[in-house]
Amino acid sequence: MKKLVKLEINGENFDVAITPTAYLIDVIRETVGLCGTKKGCGIGDCGACTVLIDGKPTLSCITLAVACTGKAITTIEGLSKGTELHPVQRAFIDKGAVQCGFCTPGMVLSSKALLDENPHPTQDEIKSALAGNLCRCTGYAKIIEAVEYAGQLLSGEVVHEQA
Amino acid sequence: MSRHDFDVIGKDQKRKDGPKKVKGEHEFADDIQFPMMLHGRIKRSDIGHARIISIDTSKAEALAGVKAVLVGSEAPIKYGIVPQMPTEYALAYQKVRFYGEPVAAVAAVDAETAEKALDLIEIEYEALPVYTTPEQALADGAVKIHEDNKFPGNIAYESDQNFGDVDEAFKNSHYVLGKVFKTSYVNHVFMEPHCAISKFDTNGELFIWSTTQIPHYLHNHLSKVLQMDMNKIHVKVTGVGGAFGGKGEVSNNELISALLARKAGRPVKVLYSRKDVFLQHRGRHPIEMRVKVGVDKEGMITGIDYDGTMDGGSYGGWGLVILFYTAAMLHLPYNVKNVRFNARRIYTNKPTCGAMRGLGGVQPRFALESLLDQIAIDIGMSPYELKKKNAIGFSHETVSGQVVRHSEFRKCLDQAVENSGYLEKHGNLPFGKGIGLAGGYYISGTAYTLYMAYKPHSSAMIRVDNESGVTVYCGATDIGQGSDTVLGMMAAEKFGLPFETIHVVSGDTSLAPFDLGTFASRVTVAAGSAVCKAADNVLKKLKPVAAIQLGVSPEQLEARHGKFYSVFEKSREIDFWKVVEKYIDAHGPLTATGDYTPPRRTGDFKGANIGHSPTYGFSAQCTEVEVDVETGEVRVIRVTEAGDCGQPINPVSVEGQVEGSIIMGMGQALYEELKVGKDGRLLNPSLHDYKIPTAADIPELKTTFVDSYDPESPFGAKEAGEGPIQPVIPAIFNAVYDAIGVRFTEMPITPEKVLKALDEKKKQEGIRS
């Protein structure tokens, strides 16, 4: 039996008719139509489906959508303002941390959550914060570099130069 | 770059798809929806080897919401990436050959209904013996997995190649060392599962959106299996979320989506689960290799004797090609005069092995680089010295007739050794710490096409006009490695225009001219050459127009900085777009094509066509490890790499290829392995149980490019995506030997194996003392 549920995604309210067993990722992708969140395994192993719930990185493929009412859900679409990218997104582009792009939305959100909590993480802190987000293309080196750079951008230590 | 003063080439270029990807807007196949679209799901066998007696789909068909049910007998046409040896069906026909093989498929209004319907399909099997190892499949009296297989028993293919006289060479050698090496059963683990959506239009033409490396092979296979003219089929490559060879063959879901869409009369999406990806597989062949290498007193290699048994899994796939690639990749990057190669690929009842990054090279490099390391140590020479002495020079022809027109491999060895401090560290680190050196190389495209046609391997068309700018149409496929960016950079450099102004249209069989696809590290050289030629042909049309405007000869004109100008008198210049306008006003549309076919070579032995490449990339790595003697864990601490990829077109992308290769190789060396039960089922087909490296596992990576430029390549470039994975595994194994004095010959080096080996070593030493 479907039931009507209110979800707040990227600051916008959505009334969605869903079954109690529906996972958040499927509701976000199929019911709401925000396809930036990716499904790489469907059982919480790869991190591609990461969204932020009240600012905390959460695996949307093993989170029931009904459990998210009254919480602030941020998907990758909620990070940039129009064409203006979030510093983490800019850093990923600048440092060559993007290859196929499938892990990227989850990776960017996990990075943002880390930097919100810890603006100057060490390399080890970055590695541990991203250990739940798998990437097979990059070997992670440029992603780690991008997160360090994003930290500097966010704290104003360096200013992003438009190419 | 000292030799060439480029504006675009060799400078880090931010990819055009970057902003879309960081915003989650890059469109992957599963992001595509159509009105009335159905979801297809696949019923897989729960038996490893059997004859299909009957399939009853009536209950599934009766389920509300089910729009089509499909079985193998509805498309009993064999296909395969090697067109001369087709072995596969869209859905199992008459027999199943591995546990989890697609047997039937359902299209329904939603995925849940489709999955429910799968449970209602009843299949009766007559069980056959299940062979999960080559030994079992080769045993006397074993049932043939493929009854029409031309080779005896379950040998899918076998070959021997003999060059020089290995026995004689060994007789006269100072030292000969032989060992048995075993490689593991590993999967690509690209992050995006396979997905295809098929849709027929009112005129019966098929449109398919799929995440594939090989749109033209898919085009060809669809035509064959659906018995439709190719000109009624349109293949559109979506975003590809990684592939590494795993999307380099037509996948069952692609054919099934098209067959279901035709039957249901509605668009059908077939998305794989992660488990489906493991069952589709096409990962690296496990090979048991018996390899011997001889050297003379100076450490010069006298001969190589190789005997390899490849565990191919249930179908043909790329296997035949990989077998011959392995033969071709035994010799290099060293100068070897006597080589004997005996190998066979065996059918077993497991998911099929195929093309995985560095195919044909990774396994023999593991054996050879390990043996050379041990030989050097045994004869009291530095492995670096031995490898450097035997390394090929600037150009080389192997005993098998492969021509390497350009190599800086020696420079790679020198730089990796120098940057890592290898000579000071090797043999001198405390117990538990070690450093290992290995070299490797890879082809930059293959000279032989399986397509059985003599048409160019790559073609490109460029359209230039004042409304749309420059558009490069090319059948090459960007699978995440950034080839669209590289091809766009080449066109930008040719025209002297900013990269941002170039549009690249790729991976679409309706829009772009023919290209074989993305595999064998061929795109930069092959598609790049085609794009460069097309651009030159555009310039040939534009220069005479500019020349008349400027009153100079066309030959003295250069296109740069958005202008045509005389190289002798730079003030004689005219805006590029003004010239385009004049050309089109006078002559009409401005387009030009370019194409590329690598030089063909052959010989008078079986497989002589395969393995040749226009040019080769090289890599050397010094890898430092720490072995925890308490827990048995091996940790890679630092990898120092030096690579010869010719002129890097987009250096940041090349670094990404190198870093990704190193971490992927590290996974195979240390922990990745698919486990198979006695009944043939995969025991760990999930990313929970099949571990790949995470960010927390990565070592320090120091990668450098050696100064290199292949003058016959487009802008001097060579491959970078598969060469760097070649040395990774043996460098780790050699480092482990340096750390604890144990020569492992079987992947992966798990803590369990380390502890066992240390225990045995202790016992041995106890006996000796």
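The values are calculated or read from the model by the stated rules, or taken from the named source; none is laboratory data. Keep in mind that what you see is a predicted model, and the values were worked out from it rather than measured. A quick note on method: Cβ atoms are made from the backbone with ideal geometry, for glycine too, and the neighbour counts reach across all protein chains shown.
Residues that are hydrophobic (A, V, I, L, M, F, W, C) and part of a loop (DSSP other than H, G, I, E, B) were ranked within the stretch B:610-664; the one that is nearest to the other protein chains (Cβ to nearest Cβ) is B:649. Each residue in the stretch B:145-172 was checked for being more than 14 Å from residue B:345 (Cα to Cα), in a loop (DSSP other than H, G, I, E, B) and among the charged types (D, E, K, R), and 3 pass. Please determine, by comparing only the residues of the stretch A:95-114 that are out of contact with any helix residue (DSSP H, G or I) (no Cβ under 7 Å at 6 or more places or on another chain) and either in a helix (DSSP H, G or I) or at pLDDT below 95 (or both), which one is farthest from residue B:27 (Cα to Cα). The qualifying residue farthest from residue B:27 (Cα to Cα) is A:113.
What are the pairs with Cβ atoms under 6 angstrom where one residue, in the stretch B:105-126, is farther than 11 Å from residue B:40 by Cβ and the other, located anywhere, is aliphatic (A, V, I, L, M) and assigned to a helix (DSSP H, G or I)? Sequence gap at least six, or different chains. Partner pairs satisfying both residue conditions: B:120/B:60; B:121/B:60. Name the residues in the stretch B:533-564 that are part of a loop (DSSP other than H, G, I, E, B) and among the β-branched types (Val, Ile, Thr), would you? Correct list: B:552 only. Filtering B:585, B:595, B:575, B:604 for residues that are at pLDDT 95 or above and either within 31 Å of the chain's Cα centre (by Cα) or surrounded by 21 or more Cβ atoms within 10 Å (Cβ to Cβ) (or both) leaves a single hit, B:595. All told, residue B:82 meets the bar of being surrounded by fewer than 24 Cβ atoms within 10 Å (Cβ to Cβ) and either farther than 30 Å from residue B:313 by Cβ or assigned by TED's automatic domain parsing to the domain that holds residue B:261 (or both). Residues in the stretch A:116-141 that are surrounded by fewer than 23 Cβ atoms within 10 Å (Cβ to Cβ) and part of a helix (DSSP H, G or I): A:116, A:117, A:123, A:124, A:125, A:127, A:128, A:129. Among the residues examined, residue B:249 does not qualify as under 21 Å from residue B:315 (Cα atoms), more than 14 Å from every other protein chain (Cβ to nearest Cβ) and part of a helix (DSSP H, G or I). The requirement of being under 25 Å from residue A:60 (Cα atoms) and either in a helix (DSSP H, G or I) or in contact with a His (Cβ under 9 Å, 6 or more places away or on another chain) (or both) is fulfilled somewhere in the stretch A:148-160, by at least one residue.
Scanning the stretch A:115-132 for residues that are away from chain B (no Cβ under 11 Å) and touching a helix residue (DSSP H, G or I) at 6+ places or on another chain (Cβ under 7 Å) turns up A:115, A:118, A:119, A:120, A:121. Collect the residues in the stretch B:422-447 that are among the small types (Gly, Ala, Ser) and out of contact with any strand residue (DSSP E or B) (no Cβ under 8 Å at 6 or more places or on another chain), keeping them in residue-number order. Within the stretch B:422-447, B:427, B:445, B:447 qualify.
Summed over the stretch A:27-36, the residues that are in contact with a Leu (Cβ under 8 Å, 6 or more places away or on another chain) and either farther than 23 Å from residue A:111 by Cβ or within 7 Å of another protein chain (Cβ to nearest Cβ) (or both) give a count of 2. Please work out if residue B:414 is at pLDDT 95 or above, over 25 Å from the mean Cα position of the chain (by Cα) and within 27 Å of residue B:733 (Cα to Cα). Answer is yes for this residue.
Residues in the stretch B:450-478 that are among the small types (Gly, Ala, Ser), out of contact with any Pro (no Cβ under 9 Å at 6 or more places or on another chain) and either part of a loop (DSSP other than H, G, I, E, B) or within 14 Å of another protein chain (Cβ to nearest Cβ) (or both): B:453, B:468, B:476. Criterion applied to B:610, B:662 was being at pLDDT 95 or above and on the phi < 0 side of the Ramachandran plot, and the one residue passing it is B:662. In the stretch B:479-496, of all residues being surrounded by 23 or more Cβ atoms within 10 Å (Cβ to Cβ) and in a loop (DSSP other than H, G, I, E, B), the one that is nearest to the other protein chains (Cβ to nearest Cβ) corresponds to B:480. Tally up the residues in the stretch B:460-477 that are crowded, with 23+ Cβ neighbours inside 10 Å and of a type in the set (Asp, Glu), please. Qualifying residue count for the region: 0. Scanning the stretch B:681-697 for residues that are over 18 Å from residue B:750 (Cα atoms) and either buried (at least 24 other Cβ atoms within 10 Å of the Cβ) or hydroxyl-bearing (Ser, Thr, Tyr) (or both) gives B:686, B:695. When residue A:80 is tested against the conditions (1) modelled with pLDDT of 95 or more; (2) facing another protein chain (nearest Cβ under 8 Å), the lone failure is (1).
Looking only at residues in the stretch B:37-77 that are more than 34 Å from the chain's Cα centre (by Cα) and assigned to a loop (DSSP other than H, G, I, E, B), the one that is surrounded by the fewest Cβ atoms within 10 Å (Cβ to Cβ) is B:64. Name the residue that is farthest from the other protein chains (Cβ to nearest Cβ), counting only residues in the stretch A:9-26 that are assigned to a loop (DSSP other than H, G, I, E, B) and either on the phi > 0 side of the Ramachandran plot or touching a residue at least 40 places away in the same chain (Cβ under 8 Å) (or both). Within the stretch A:9-26, the match that is farthest from the other protein chains (Cβ to nearest Cβ) is A:11.
Taken over the stretch B:13-36, the criterion of being closer than 21 Å to residue B:503 by Cβ and surrounded by fewer than 15 Cβ atoms within 10 Å (Cβ to Cβ) is satisfied by B:27 alone. Of the set (1) touching a strand residue (DSSP E or B) at 6+ places or on another chain (Cβ under 6 Å); (2) facing another protein chain (nearest Cβ under 7 Å); (3) basic (Lys, Arg), all apply to residue A:71 but (2).
Among the residues of the stretch B:119-144, those identified as part of a helix (DSSP H, G or I) and more than 20 Å from residue B:87 (Cβ to Cβ) are B:119, B:120, B:135.
Checked against (1) in contact with a Pro (Cβ under 7 Å, 6 or more places away or on another chain); (2) closer than 20 Å to residue B:240 by Cα; (3) facing chain B (nearest Cβ under 8 Å), residue A:39 passes all but condition (1). Among what's in the stretch B:6-36 and is more than 30 Å from the chain's Cα centre (by Cα) and within 14 Å of chain A (Cβ to nearest Cβ), pick the residue that is farthest from residue A:49 (Cα to Cα). Once the filter is applied, the top-ranked residue is B:35.
If you check B:673, B:712, B:700, B:659 for being buried (at least 21 other Cβ atoms within 10 Å of the Cβ) and of a type in the set (Asp, Glu), only one passes: B:659.
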